[in-house]
1. Quick check: net charge around residue 15, other residues with Cβ under 12 Å of its Cβ, Lys/Arg +1 and Asp/Glu -1?
2. Can you tell me, using C-alpha contacts under 8 Å and at least 6 residues apart, the relative contact order of the chain as a whole percent?
3. Hey, any idea what the orientation-averaged projected area of the convex hull of the chain's Cα atoms comes to, in nm²?
4. Exposed loop sites here are trypsin sites (Lys or Arg not before Pro) in DSSP loop states with at most 16 other C-beta atoms within 10 Å. What is the longest stretch of the chain lacking them?
5. Given springs between every Cα pair under 10 Å in a Gaussian network model of the chain, which of 29, 11, 40 has the largest fluctuation?
Amino acid sequence: MRNMRSAISTIRLSSAANRLSVSRSHGAIAIPLDNRHVRIYDLAGNRLPRVPNRRCHSRMVSCAAWADDHPSCNLLSCGFDRGVAGWKVTLTKD
C-alpha cells in the first residue's frame, strides 16, 4: 500500500479546477478552470505550453479529455457556454 500522507507534487492554480484529464502518452495533465482557461502541466507539476486563448470558452470550462489517437485535435474541452472545443496541442519531450 502506498504512503498517502504527503503529496508527490502540488500545482497552484489561479482558479478552481474542474474535471481534469491525464494523457499517459504525453505524460501531461489538462486542467479546466473556472476562469475559462485550460492549463496543461506535466506529471511533475511543470507548466507546459498554453492552449490558445483566442478560441477560448466564454464561460467556465467544466471538463477536458485527451484524444491521443486523433490526428487533428488531441485535446477536447467543454464548458458552461455550451461549446465543445478541439485543440491541437504539441508537447515536446526533453
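1. +2
2. Working: 183 pairs, mean separation 19.6, N = 94.
RCO, the chain: 21 percent.
3. Details: hull surface 28.7 nm².
So the mean shadow area of the Cα hull is 7.2 nm².
4. Details: sites that count: 2, 5, 12, 24, 50, 54, 55, 59, 82, 88, 93.
In the chain, the maximal stretch lacking such sites is 25-49.
5. Greatest mean-square fluctuation among the candidates belongs to 11.
Here, each number is a calculation from the coordinates, and none is a lab measurement. Keep in mind it's a predicted model, so treat the numbers as computed, not measured. FYI the Cβ positions are ideal-geometry reconstructions off the backbone, even for glycines, and counts take in every protein chain you see.
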